[in-house]
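Here's the structure we're looking at; comments come further down.
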Amino acid sequence: MANPTSRHSKSRRDKRRANWKLTPPNTSHCSNCQEPKMPHRVCPSCGTYRGRKVLEVEEIV
């Protein structure tokens, strides 16, 4: 049925696969401590979300 009649070259194959690269995750800055964090999530360094203290963060010594 849908079989190729001629072989595709390596460069043609690699051009098709060129867009498979990974993109880094988006980050935003915490409004309280200015540390980078994932958007719409609690800040892992200070425990605030949208200006309110949500978690108590323990310091690891």
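For the chain, a Kirkwood hydrodynamic radius built from all Cα pairs, placed in the Stokes-Einstein relation at 10 °C and 1.306 mPa s, yields a translational diffusion coefficient of 101 µm²/s.
In terms of the mean number of neighbouring beta-carbon atoms within 10 Å, the peptides 36-42, 3-9 order highest first as 36-42, 3-9. Summary of packing: across the peptides 13-24, 48-59, the per-residue average of other C-beta atoms within 10 Å ranks them, highest first, as 48-59, 13-24. From its DSSP helices (H runs of at least four residues, each -39,500 (n - 2.57)), the chain gives a residue-normalised ellipticity at 222 nm of -3000 deg cm²/dmol. Taking amide H atoms as placed 1.01 Å from N in the peptide plane, the amide H of Cys30 lies under 5 Å from those of Glu35, Lys37, each 5 or more residues away in sequence or on another chain.
Note: relative contact order over the chain, using C-alpha pairs below 8 Å and six or more positions apart, is 17 percent.
No value in this document is a laboratory result; all are computed from the given coordinates. For clarity, every value in this text was computed on a predicted model and none was experimentally measured. Because the Cβ atoms are built from the backbone with ideal geometry, glycine has one as well, and the counts that use them run over all protein chains shown.
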